[in-house]
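The values are calculated or read from the model by the stated rules, or taken from the named source; none is laboratory data. Model, not experiment: these values are computed from the prediction. Backbone-built Cβ (ideal geometry, glycine too); neighbour counts: all protein chains shown. To get the accessible areas, we keep the full protein, side chains included, count just its heavy atoms, and leave off ligands, DNA and RNA. Shrake-Rupley method; radii C 1.70, N 1.55, O 1.52, S 1.80 Å.
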Amino acid sequence: MQTELKEVIIKRFQSLLWRIGGYAIAGFLALILDVLNLLELSPQLIAIVGLIFGEITKFLKVNLPQLQMKLE
């Protein structure tokens, strides 16, 4: 039981890190665009973009081996 619990916790932590990575990318892009005075994005939009990036990175992490096999 301990090993199963440890594996679940590790998977949840990795998922959290992927989502944080998506938010970090969205925040970094928003910061760059703000500094360059190209776009002024609302915090709500940045949060939505962060969620989208998080889902995209998670999808790629989970499905990348199958996608690579299909391309070969």
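Taking region 10-65 on its own, what percent of its Cα-Cα pair distances exceed 13 Å?
On the way: 922 of 1540 pairs.
Counting every Cα pair in region 10-65, those more than 13 Å apart make up 60 percent.
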* Of the peptides 15-24, 45-54, 58-67, how do they stack up when ordered by the mean number of other Cβ atoms within 10 Å, highest first? -> 45-54, 15-24, 58-67
* Asked: What angle do you read, to the nearest 10 degrees and between 0 and 90, between the alpha-carbon axis of helix 2-35 and the longest principal axis of the chain?
  -> 10
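Let me spell out the model: positive unit charges on the Cβ of Lys and Arg, negative unit charges on the Cβ of Asp and Glu, origin at the Cα centre of the chain. What dipole size does that give, in debye rounded to 20?
On the way: 7 positive and 6 negative charges, 58 e Å.
Taking the Cα centre of the chain as origin, the dipole is about 280 debye.
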* Structure fact -> Counting only protein heavy atoms with a 1.4 Å probe and every protein chain in place, the carbon and sulfur fraction of the accessible surface of the chain in whole percent equals 71
* Distance in nm between label sites at Val62 and Leu33, each 7 Å beyond Cα in the beta-carbon direction? -> 2.7
* To do: For Ile10 paired with Lys70, estimate the spin-label separation in nm (one decimal), with each label point 7 Å from Cα along the Cα-to-Cβ line.
  => 2.8
* Asked: Once the dipole of region 1-64 is set up with Lys and Arg at +1 and Asp and Glu at -1 on Cβ about the Cα centre, which of Phe59, Ile48, Gly22 lies farthest towards its positive end?
  -> Phe59
* May I ask you to evaluate 6.51 cos²θ - 1.76 cosθ + 1.60, the Karplus curve with θ = phi - 60°, for each residue of region 58-69 and list the ³J(HN,Hα) values in order in whole Hz, giving x for glycine and proline? => 5, 4, 5, 4, 6, 9, 4, x, 5, 5, 5, 5
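Quick check for you: with a 1.4 Å probe and neighbouring chains kept, what is the accessible area per residue of the chain, in Å²? Please report the intermediate quantities before stating the final value.
Values: 6250 Å² over 72 residues.
For the chain, the per-residue accessible area is 87 Å².
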